[in-house]
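Some notes on the structure that comes next.
The values are calculated or read from the model by the stated rules, or taken from the named source; none is laboratory data. What you are looking at is a predicted structure, and each value in this text was computed from that prediction instead of being measured. Methodologically, a virtual Cβ is constructed for each residue, glycine included, from the backbone with ideal geometry; neighbour enumeration extends over all protein chains shown. Please note that ligands, DNA and RNA were not included when accessible areas were found on the heavy atoms of the full protein model with its side chains. Shrake-Rupley method; radii C 1.70, N 1.55, O 1.52, S 1.80 Å.
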Amino acid sequence: FAADSPIRSAPIRERLLAYGAGPELLRRQASDRQAAPGERATALYTLLYRELSRGRYAEFLADLELLAEQPAAPAKAPDPQLFVWAGGNDAGYACPALAEVARRLVADPEDAQGLLCLGDFLRTKRLDQHWLDQPPEAGELGSAPSQFPGTPRSRLMGYQQLLDNPQSSREERAYALFRAINCYAPSAINGCDDQDIDKEQRRQWFQTLKRQYADTPWAQRLKYYW
């Protein structure tokens, strides 16, 4: 990625940005008006995803401003506009826009609404077990260790964090239990991350939701555990 680099092949450059680049290089390429649109889109998408999934919320908010200068992403490139999420009210839990979610988590990384709504963003955008966190096999291009610091945190880890926090409200705990149980729906295989949570623990989550939070819409909606 030096200015005089002889490596101009788009697939090579984009693959290395996606799997190996650190935040400084990603930010630079995302901002480079001389770079190809696909390269810029890959760089910014990768930067925003990695910041969000690694708890670098203040940096995420700052780099979200780069979207204003981005050309339209080519059809086959990852589109960083994905991170302009307006929020939602899925299953009866209201979430603000993603930028506000990030601001809440900057102020308090334990913020329950922030963790739950970050989980809803990851879930509704189908970012669980993201391809960026599954590098190529050893010896293949892009298999070297990423220069981006930190390790990804799944939405299930966010639910567990919330359930371990005694300050969480009743509503927040009920919704976290509902979503944690649903990580295993409908196949009994964890679709949120690679944790192997045994069936007895999932049964306890289900019974806690049904007994302690029976009047919540999530206890009434959930019929099974897997």
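Side notes on the structure shown:
- Charging the Cβ of each Asp and Glu at -1 and of each Lys and Arg at +1, and nothing else, the dipole of the stretch 8-127 about its Cα centre rounds to 560 debye.
- Cross-link reach list, lysines versus K76, counting only Cα pairs under 26 Å and skipping chain neighbours closer than eight places: K125
- Inter-part distance where the stretch 152-181 and the stretch 109-127 are each reduced to a Cα centre, Å: 10
- Cα-centred dipole magnitude for the chain, charges only on beta-carbon of K, R (+1) and D, E (-1), debye, nearest 20: 560
- Loop sites in the stretch 15-65: trypsin sites (Lys or Arg not before Pro), DSSP, at most 13 other Cβ within 10 Å: R33
- Computed from the C-beta positions of Q201 and R126, the FRET efficiency with R₀ = 22 Å rounds to 0.30.
- Taking Cβ atoms as reference points and 14 Å as the exclusive limit, the residues near P145 contribute a net charge of -2, counting Lys and Arg as +1 and Asp and Glu as -1.
- The stretch 44-105 shape via C-alpha gyration tensor axes, a/c threshold 1.5: oblate
- Remark: the K210-R15 segment gains 65.6 nm on full extension, using 0.36 nm per residue and subtracting the alpha carbon distance.
- When Rg and the Kirkwood radius Rh are both evaluated on Cα atoms of the stretch 91-226, their ratio Rg/Rh stands at 1.01.
- What a 1.4 Å probe finds exposed on the chain is 50% carbon and sulfur by accessible area, rounded to a whole percent.
- Heavy-atom accessible surface of the stretch 118-226, averaged per residue, reaches 56 Å², computed with a 1.4 Å probe.
- Rounded if a/c under 1.5, otherwise prolate or oblate - the stretch 71-153, Cα gyration tensor axes: prolate
- Net charge of Cβ neighbours under 12 Å - reference E24; Lys, Arg +1; Asp, Glu -1: 0
- Using the Cβ of G114 as centre and a radius below 10 Å, the other residues enclosed give a net charge of -2, where K and R count +1 and D and E count -1.
- Shown here: the stretch 1-105, whose C-alpha atoms stretch 53, 26, 22 Å along the first, second and third principal axes, sorted largest to smallest.
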